[in-house]
1. Would you mind counting up the charge near Ala82? Only other residues with Cβ under 13 Å from its Cβ, with Lys and Arg at +1 and Asp and Glu at -1.
2. What do you get for trypsin sites (Lys or Arg not before Pro) in region 149-212 restricted to DSSP loop and a cutoff of at most 16 other Cβ within 10 Å of the site's Cβ?
3. Each residue of region 33-38 in turn: what ³J(HN,Hα) in whole Hz from Karplus with 6.51, -1.76, 1.60 and θ = phi - 60°, glycine and Pro shown as x?
4. Helix 196-208: angle to the longest alpha-carbon principal axis of the chain, degrees 0 to 90, nearest 10?
5. Sort Asp19, Asp183 so that the residue with the fewest other Cβ atoms within 10 Å of its own Cβ comes first and the one with the most comes last.
6. Give me the angle, in degrees from 0 to 90, between the Cα long axis of helix 107-125 and the longest principal axis of the Cα atoms of the chain, rounded to the nearest 10.
7. Rounded to the nearest 20 debye, what is the charge dipole size of the chain about its Cα centre when +1 sits on each Lys and Arg Cβ and -1 on each Asp and Glu Cβ?
8. Leu65's amide H: which non-local residues (gap 5+, or another chain) put their own amide H closer than 5 Å, with H modeled 1.01 Å from N in plane and none for Pro or chain starts?
Amino acid sequence: MLKVADALGTRTTTDIVFDQLHEEISTLRLLPGARISEADIANKLGVSRQPVRDAFNRLGNMGLLAIRPQRATTVRGFSMEAIQNARFVRLAVELEVVTRAVACWTPAYADALAEQIDVQRGVVEEGKSDVLHELDYEFHKAICTFGGNPLAFETIESCKQSVNRLCVLSMRNPFEGSAVVDDHQGIANALAAGSVKKAREAVEHHLSRLDATIAEIHTAHANYFE
């Protein structure tokens, strides 16, 4: 972990502690069920316990930490109920986003997505799954912005929080990474063609891809789930 004193700028100590812990949880360097303590984190980062406690509370509110009085704080496991709810909401939002985007799509938007997809393919070839995860965010955000609904991505981003760690596990598989990029290409093609039907079908296919991964991880790592 980076010492907080080396990272301070305009951000608060709590912000930096939160960001570092969030990254470690999101990238699965801290696995579901792992125990962490305020004292240990404060010592590693060279800070007092109060900002660590505040960061813990923020992560707890996001459903990433289980904080129990007089008991060890642990990284929360995956919640099937939260996952299913998040995926239901996200699908509804993304279907509406592409439906509206078709009506205002331009060649410039198509070119912008094509450039993003080229970068994504390069990242897959280099085996950089963590980078692909971030580029996936940018792809969906771009469609919301180009389609005239930039704030819709806030809802999508919130929903993704429930499945982010599962996505990280999925994208570590080179085949899955390539499949995700192919899905993005399908969505981009449908938008460029001006087909609402094809755009909606492409989004449904893309978002359903994680179902098999969830089932596989649940079977192989049942202890990751609550």
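What follows draws every value from the coordinates through simple rules; no lab data is involved. In this text the structure is predicted, and so the values were computed from the model without any measurement. Reconstructed Cβ throughout: ideal geometry from the backbone, glycine too, with neighbour counts over all protein chains shown.
1. Details: positive: Arg76, Arg87, Arg90, Lys160, Arg165; negative: Glu81, Glu226.
That sum, taken over residues with Cβ under 13 Å, equals +3.
2. Listed in order of number, the matching sites are Arg172, Arg209.
3. x, 5, 8, 9, 10, 4
4. 30
5. Lowest count first: Asp19, Asp183.
6. The answer is roughly 50 degrees.
7. Taking the Cα centre of the chain as origin, the dipole is about 760 debye.
8. Sorted by chain and number, the residues that satisfy this are Gly60, Arg76.
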